[in-house]
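Single-structure report; data block below.
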Amino acid sequence: MPKGGRKGGHKGRARQYTSPEEIDAQLQAEKQKAREEEEQKEGGDGATGDPKKEKKSLDSDDSEDEEDDYQQKRKGVEGLIDIENPNRVAQTTKKVTQLDLDGPKELSRREREEIEKQKAKERYMKMHLAGKTEQAKADLARLAIIRKQREEAARKKEEERKAKDDATLSGKRMQSLSLNK
(Lines give C-alpha, C1' and ligand atoms only; values in the text may rest on other atoms or scores of the structure.)
Protein backbone atom coordinates (compact mmCIF):
# COMPACT_ATOMS: atom_id res chain seq x y z
CA MET A 1 0.00 0.00 0.00
CA PRO A 2 1.42 3.42 -0.93
CA LYS A 3 2.22 6.05 1.66
CA GLY A 4 -0.75 7.97 2.91
CA GLY A 5 -3.17 5.22 1.93
CA ARG A 6 -3.80 6.68 -1.52
CA LYS A 7 -4.86 4.58 -4.43
CA GLY A 8 -4.33 5.64 -7.97
CA GLY A 9 -1.87 7.05 -10.38
CA HIS A 10 0.96 9.48 -10.29
CA LYS A 11 0.43 12.94 -8.72
CA GLY A 12 -3.28 12.52 -8.23
CA ARG A 13 -4.31 12.93 -11.82
CA ALA A 14 -7.84 11.66 -12.42
CA ARG A 15 -8.35 8.82 -14.86
CA GLN A 16 -10.61 9.41 -17.83
CA TYR A 17 -12.81 6.59 -19.01
CA THR A 18 -14.36 6.47 -22.47
CA SER A 19 -17.99 5.44 -22.61
CA PRO A 20 -19.01 2.59 -24.95
CA GLU A 21 -21.11 5.01 -27.06
CA GLU A 22 -18.07 7.18 -27.69
CA ILE A 23 -15.98 4.15 -28.69
CA ASP A 24 -18.69 3.01 -31.15
CA ALA A 25 -18.95 6.52 -32.59
CA GLN A 26 -15.16 6.73 -33.07
CA LEU A 27 -15.09 3.35 -34.82
CA GLN A 28 -17.91 4.39 -37.16
CA ALA A 29 -16.11 7.66 -37.94
CA GLU A 30 -12.91 5.77 -38.79
CA LYS A 31 -14.84 3.34 -41.04
CA GLN A 32 -16.50 6.29 -42.78
CA LYS A 33 -13.12 7.94 -43.42
CA ALA A 34 -11.75 4.66 -44.81
CA ARG A 35 -14.70 4.36 -47.20
CA GLU A 36 -14.25 7.95 -48.41
CA GLU A 37 -10.55 7.37 -49.04
CA GLU A 38 -11.32 4.21 -51.02
CA GLU A 39 -13.90 6.06 -53.10
CA GLN A 40 -11.38 8.80 -53.85
CA LYS A 41 -8.77 6.24 -54.92
CA GLU A 42 -11.27 4.45 -57.18
CA GLY A 43 -12.62 7.73 -58.58
CA GLY A 44 -9.20 8.94 -59.71
CA ASP A 45 -9.40 12.64 -60.58
CA GLY A 46 -12.94 12.89 -59.27
CA ALA A 47 -14.67 12.84 -62.68
CA THR A 48 -16.74 9.78 -61.73
CA GLY A 49 -17.34 10.86 -58.11
CA ASP A 50 -20.49 12.24 -56.53
CA PRO A 51 -21.95 15.27 -58.35
CA LYS A 52 -22.54 16.97 -54.99
CA LYS A 53 -18.85 16.74 -54.11
CA GLU A 54 -17.83 18.03 -57.53
CA LYS A 55 -20.22 20.96 -57.25
CA LYS A 56 -18.92 21.77 -53.80
CA SER A 57 -15.32 21.68 -54.99
CA LEU A 58 -16.16 24.04 -57.86
CA ASP A 59 -18.16 26.52 -55.77
CA SER A 60 -15.97 26.55 -52.66
CA ASP A 61 -15.19 29.93 -51.04
CA ASP A 62 -12.57 30.92 -48.50
CA SER A 63 -15.14 30.71 -45.70
CA GLU A 64 -16.01 27.11 -46.61
CA ASP A 65 -12.32 26.20 -46.68
CA GLU A 66 -11.90 27.68 -43.22
CA GLU A 67 -14.86 25.65 -41.97
CA ASP A 68 -13.37 22.49 -43.48
CA ASP A 69 -10.04 23.20 -41.79
CA TYR A 70 -11.86 23.72 -38.53
CA GLN A 71 -13.75 20.43 -39.01
CA GLN A 72 -10.48 18.56 -39.64
CA LYS A 73 -8.74 20.03 -36.61
CA ARG A 74 -11.44 18.95 -34.15
CA LYS A 75 -10.46 16.10 -31.88
CA GLY A 76 -12.35 13.35 -30.12
CA VAL A 77 -16.07 13.82 -29.59
CA GLU A 78 -16.05 17.30 -31.12
CA GLY A 79 -15.95 15.73 -34.57
CA LEU A 80 -19.09 13.74 -33.84
CA ILE A 81 -21.19 16.42 -32.17
CA ASP A 82 -21.86 19.56 -34.17
CA ILE A 83 -21.99 22.40 -31.67
CA GLU A 84 -21.69 26.05 -32.54
CA ASN A 85 -20.73 28.47 -29.83
CA PRO A 86 -22.97 31.56 -30.05
CA ASN A 87 -20.35 33.61 -28.21
CA ARG A 88 -17.57 32.78 -30.69
CA VAL A 89 -16.93 35.71 -32.99
CA ALA A 90 -15.14 35.10 -36.24
CA GLN A 91 -12.54 37.81 -36.71
CA THR A 92 -12.82 39.62 -39.97
CA THR A 93 -9.92 41.62 -41.27
CA LYS A 94 -10.68 45.03 -42.69
CA LYS A 95 -8.89 46.44 -45.67
CA VAL A 96 -7.16 49.77 -45.40
CA THR A 97 -9.68 51.27 -47.79
CA GLN A 98 -12.55 50.25 -45.52
CA LEU A 99 -11.17 51.94 -42.42
CA ASP A 100 -12.95 55.15 -41.45
CA LEU A 101 -10.31 57.40 -39.92
CA ASP A 102 -12.08 60.73 -40.48
CA GLY A 103 -15.35 59.74 -38.76
CA PRO A 104 -16.14 60.72 -35.18
CA LYS A 105 -14.34 58.52 -32.69
CA GLU A 106 -16.49 56.78 -30.08
CA LEU A 107 -15.16 57.46 -26.60
CA SER A 108 -15.27 54.93 -23.81
CA ARG A 109 -17.23 55.65 -20.65
CA ARG A 110 -14.07 56.41 -18.68
CA GLU A 111 -12.77 58.81 -21.33
CA ARG A 112 -16.13 60.63 -21.46
CA GLU A 113 -16.24 60.92 -17.67
CA GLU A 114 -12.68 62.25 -17.59
CA ILE A 115 -13.49 64.93 -20.17
CA GLU A 116 -16.67 65.91 -18.31
CA LYS A 117 -14.72 66.14 -15.07
CA GLN A 118 -12.12 68.45 -16.66
CA LYS A 119 -14.82 70.69 -18.16
CA ALA A 120 -16.64 70.92 -14.82
CA LYS A 121 -13.39 71.86 -13.08
CA GLU A 122 -12.71 74.61 -15.63
CA ARG A 123 -16.25 76.01 -15.22
CA TYR A 124 -15.85 76.02 -11.45
CA MET A 125 -12.51 77.83 -11.62
CA LYS A 126 -13.99 80.53 -13.90
CA MET A 127 -16.88 81.06 -11.50
CA HIS A 128 -14.51 81.01 -8.53
CA LEU A 129 -12.31 83.69 -10.06
CA ALA A 130 -15.40 85.76 -10.80
CA GLY A 131 -16.41 85.40 -7.12
CA LYS A 132 -19.71 83.65 -7.80
CA THR A 133 -19.13 80.44 -5.87
CA GLU A 134 -19.82 79.93 -2.16
CA GLN A 135 -16.17 79.23 -1.46
CA ALA A 136 -15.07 82.40 -3.27
CA LYS A 137 -17.61 84.47 -1.30
CA ALA A 138 -16.37 82.99 1.97
CA ASP A 139 -12.75 83.70 0.97
CA LEU A 140 -13.55 87.31 0.08
CA ALA A 141 -15.40 87.84 3.38
CA ARG A 142 -12.47 86.38 5.34
CA LEU A 143 -10.04 88.65 3.44
CA ALA A 144 -12.19 91.72 4.20
CA ILE A 145 -12.14 90.88 7.93
CA ILE A 146 -8.37 90.41 7.87
CA ARG A 147 -7.92 93.79 6.09
CA LYS A 148 -10.01 95.56 8.74
CA GLN A 149 -8.01 93.94 11.55
CA ARG A 150 -4.74 95.00 9.94
CA GLU A 151 -5.98 98.56 9.41
CA GLU A 152 -7.06 98.79 13.07
CA ALA A 153 -3.70 97.37 14.21
CA ALA A 154 -1.82 99.89 12.04
CA ARG A 155 -3.97 102.79 13.34
CA LYS A 156 -3.39 101.74 16.99
CA LYS A 157 0.32 101.45 16.38
CA GLU A 158 0.38 104.94 14.85
CA GLU A 159 -1.55 106.38 17.82
CA GLU A 160 0.80 104.72 20.31
CA ARG A 161 3.81 106.09 18.45
CA LYS A 162 2.32 109.60 18.46
CA ALA A 163 1.53 109.28 22.13
CA LYS A 164 5.07 108.16 22.84
CA ASP A 165 6.49 111.03 20.80
CA ASP A 166 4.25 113.49 22.65
CA ALA A 167 5.31 112.04 25.96
CA THR A 168 9.00 112.33 25.12
CA LEU A 169 8.51 115.88 23.88
CA SER A 170 6.58 116.90 26.98
CA GLY A 171 9.19 115.22 29.16
CA LYS A 172 11.97 117.19 27.45
CA ARG A 173 10.03 120.42 27.89
CA MET A 174 9.66 119.70 31.57
CA GLN A 175 13.32 119.04 31.88
CA SER A 176 14.24 122.18 30.04
CA LEU A 177 11.85 124.23 32.18
CA SER A 178 13.24 122.78 35.36
CA LEU A 179 16.79 123.55 34.23
CA ASN A 180 15.89 127.06 33.34
CA LYS A 181 14.72 127.90 36.82
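Summary table below
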quantity	calculated
Filter result for the condition that a residue is open to solvent by less than 100 Å² (accessible area, probe 1.4 Å) and at pLDDT 95 or above, over 120, 90	120
Selection status of residue 29, at pLDDT 70 or above, of a type in the set (Gly, Ala, Ser) and part of a loop (DSSP other than H, G, I, E, B)	no
Criterion: surrounded by 10 or more Cβ atoms within 10 Å (Cβ to Cβ), polar (S, T, N, Q) and modelled with pLDDT of 70 or more - qualifying residue of 97, 133	133
Some residue of the range 102-117 being among the polar types (S, T, N, Q) and part of a helix (DSSP H, G or I)	no
Yes/no for residue 179 being assigned to a helix (DSSP H, G or I), at pLDDT below 90 and loosely packed, with under 10 Cβ neighbours inside 10 Å	yes
Only one of 84, 116 that is within 30 Å of residue 24 (Cα to Cα) and free of Cβ contacts under 8 Å to residues at least 12 places away in the same chain	84
Single condition residue 172 does not satisfy, out of (1) within 38 Å of the chain's Cα centre (by Cα); (2) surrounded by 10 or more Cβ atoms within 10 Å (Cβ to Cβ)	(1)
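The values are calculated or read from the model by the stated rules, or taken from the named source; none is laboratory data. Note that the structure is predicted; figures quoted are calculated from it, not measured. Note that we place each Cβ from the backbone using ideal geometry, even for glycine, and neighbour counts take in every protein chain shown. For accessibility, only protein heavy atoms count, side chains too; no ligands or nucleic acids. Shrake-Rupley method; radii C 1.70, N 1.55, O 1.52, S 1.80 Å.
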